[in-house]
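Here the structure comes first, spelled out in structure tokens, and everything after it is commentary.
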Amino acid sequence: MVVRVFVASCSGFVAIKKKQQDVVRFLEANKIEFEEVDITMSEEQRQWMYKNIPPEKKPAQGNPLPPQIFNGDRYCGGLHLTGQLTQSRAACH
């Protein structure tokens, strides 16, 4: 299965850009192969991401923000995952 990181290349939020960079750096440092999916370039990919995040993991209001991580179709975590990446490595790899 391919690990996919859903990102937004055109995000105006510095915090989101930093979280995306943190996730990508972590995956690269741990030699985990992954594919970046830019949801700002594909409405189809954005809708797939929204649809496949479990309801209990979605925010109470609004849409889930990037980064969001999937291993194949299995949801691994999202925006608030970066503090737990080391623990989540086994679950997502």
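Scan the stretch 48-74 for residues that are touching a strand residue (DSSP E or B) at 6+ places or on another chain (Cβ under 9 Å), within 15 Å of R4 (Cα to Cα) and part of a loop (DSSP other than H, G, I, E, B) and jot them down.
I53, P66, P67, G72
State which residue is surrounded by the most Cβ atoms within 10 Å (Cβ to Cβ) when the search covers only the stretch 3-18 and only residues that are in contact with a strand residue (DSSP E or B) (Cβ under 7 Å, 6 or more places away or on another chain) and closer than 15 Å to G77 by Cα.
F6
Among the residues of the stretch 19-41, write down those that are loosely packed, with under 11 Cβ neighbours inside 10 Å and either in contact with a strand residue (DSSP E or B) (Cβ under 8 Å, 6 or more places away or on another chain) or not in a loop (DSSP other than H, G, I, E, B) (or both). Spell out the reasoning first.
Of all residues in the stretch 19-41, those loosely packed, with under 11 Cβ neighbours inside 10 Å come to 29, 31, 33, 35.
Of everything in the stretch 19-41, those that are loosely packed, with under 11 Cβ neighbours inside 10 Å and either in contact with a strand residue (DSSP E or B) (Cβ under 8 Å, 6 or more places away or on another chain) or not in a loop (DSSP other than H, G, I, E, B) (or both) turn out to be A29, E33, E35.
I'd like the full set of residues that are under 23 Å from F13 (Cα atoms), within 12 Å of the chain's Cα centre (by Cα) and either modelled with pLDDT under 95 or among the polar types (S, T, N, Q) (or both), limited to the stretch 67-93. Spell out how you get there, then give the answer.
Step one: list which residues in the stretch 67-93 are under 23 Å from F13 (Cα atoms), which gives 67-70, 76-85.
Filter once more, so that each one left must be within 12 Å of the chain's Cα centre (by Cα): 67-70, 76-82, 85.
Within the stretch 67-93, Q68, C76, G77, G78, L79, H80, L81, T82, L85 meet the criteria.
The values are calculated or read from the model by the stated rules, or taken from the named source; none is laboratory data. Everything quoted here is computed from the prediction, not taken from an experiment. All Cβ positions, glycine included, derive from the backbone under ideal geometry; neighbour counts span all protein chains shown.
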